[in-house]
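This report concerns only the one structure given below.
The values are calculated or read from the model by the stated rules, or taken from the named source; none is laboratory data. Quantities reported herein were computed from a predicted structural model and do not represent experimental measurements. Every residue, glycine as well, gets a Cβ built from its backbone with ideal geometry; the counts of neighbours run over all protein chains shown. Areas reflect the complete protein model, heavy atoms only, side chains present, ligands, DNA and RNA absent. Shrake-Rupley method; radii C 1.70, N 1.55, O 1.52, S 1.80 Å.
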Amino acid sequence: MRTTLRRSLHVGLALGAVSLVARLGVGVLSFEAGSATLEGCSLTATDGGVLIKSQTKYQAGSATTLTSTGTYNGETIKVFNQNGSLKVIGDAGGTSVSLSAVAFAFADNQDDGTAAITDVQSTIKIDQSQSGTISVNCSVAVNNHNSAKNGTTGCDLTVHVPAGTTTSPLTFSAHAANGPATVQGLTMSDSNIGSVKSDNGDVTVSVNGSCVAHSSNGQVSATIVSQKGSTVEASSDNGDVTLGIPAGFSADKLTLSASGGTVTIGSGFTNTFTATSTSVGTAGTGAVSVTATTGLGNVTVTPSG
């Protein structure tokens, strides 16, 4: 009697193009790049082929909300979301850090999804245990819950922070491990350069001061109002980059590069520069450096404001 071979592969959220080949015995499954996006699928391979079963995305019935204790007093703010979308909004005159997170889980049934969501909710925190730092976090479920594998869980996270001012700028970082990251309305420190990054997702930024906006796999669109002493970077390892910078900006160091693509400079800048320029305007009067680069894609630099 022949024994049937069964193996299950649970696939996590894939926000970009997917290429997956499963070869077990006779069965071959292939998704070419750009042809499919997998979200919470379980693949079961037998010696006769591969079975695909899509899963349902279950979400918490209400958002988890938290607010930092005490009045914000210039602490470093660190935001991390392991799986799902991340949005950070600066509130003018804000005096606290708050979050709203909707936990989710892909599962075959509601019982598994609910158990995984409860697990995710236990990771949603505002941590003030380290003096001088406020850390905001949402992670995937700590454990698998039958059909709900922890790699297909997470939360969609929205965070409100004090906006900061030119005299009291923020020391800030935001990191989305698997999902898009959006940050808007912040004034960032020039002495402690802020960062907004995604390992796998688009990055959208609209801030003042110094900021590094980077995606390892996704497009980057950044509008950054630089000032004297600012460091500005919009970059991607794999995706188009668009940088909006004030029309009259100066930079001691300018780096523009588009591997596999082109660099386009919009009209309307006060100080003339080209894709190969290494500086803009009068040295010492503006940004320390302005960078817009991609490892694969196009770069566009446009005047803003």
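Within the range 206-242, being acidic (Asp, Glu) and over 16 Å from Gly194 (Cβ atoms) holds for Asp237, Asp240. Going by the conditions given, is Ile134 aliphatic (A, V, I, L, M) and in contact (Cβ under 8 Å) with a residue 40 or more places away in the chain? Against the criterion (aliphatic (A, V, I, L, M) and in contact (Cβ under 8 Å) with a residue 40 or more places away in the chain), Ile134 qualifies.
Residues in the range 128-174 that are within 16 Å of Val88 (Cβ to Cβ) and either in a loop (DSSP other than H, G, I, E, B) or out of contact with any strand residue (DSSP E or B) (no Cβ under 9 Å at 6 or more places or on another chain) (or both): Ala163, Gly164, Pro169, Thr171. Taking the range 260-269 as the range and being at pLDDT 95 or above and within 12 Å of Asp240 (Cβ to Cβ) as the test, the residues that pass are Gly261, Thr262, Val263, Thr264. Note on the range 230-272: residues that are outside any strand (DSSP E or B), open to solvent by less than 20 Å² (accessible area, probe 1.4 Å) and more than 23 Å from Pro169 (Cβ to Cβ) total 1. Of the residues making up the range 162-188, those that are buried (at least 19 other Cβ atoms within 10 Å of the Cβ) and over 17 Å from the mean Cα position of the chain (by Cα) are Pro162, Ala163, Gly164, Pro169, Leu170, Thr187, Met188. With respect to the conditions (1) open to solvent by 40 Å² or more (accessible area, probe 1.4 Å); (2) assigned to a strand (DSSP E or B); (3) touching an Asp or Glu at 6+ places or on another chain (Cβ under 7 Å), Phe106 falls short on a single one, namely (1). Entry remark, the range 77-95: residues being of a type outside the set (Asp, Glu) and open to solvent by 40 Å² or more (accessible area, probe 1.4 Å) number 8 in total.
Within the range 189-224, being of a type in the set (A, V, I, L, M) and either surrounded by fewer than 20 Cβ atoms within 10 Å (Cβ to Cβ) or out of contact with any strand residue (DSSP E or B) (no Cβ under 8 Å at 6 or more places or on another chain) (or both) holds for one residue alone: Ile193. Only a single criterion out of (1) of a type in the set (A, V, I, L, M, F, W, C); (2) in a strand (DSSP E or B); (3) buried (at least 22 other Cβ atoms within 10 Å of the Cβ) is not satisfied by Val288, namely (3).
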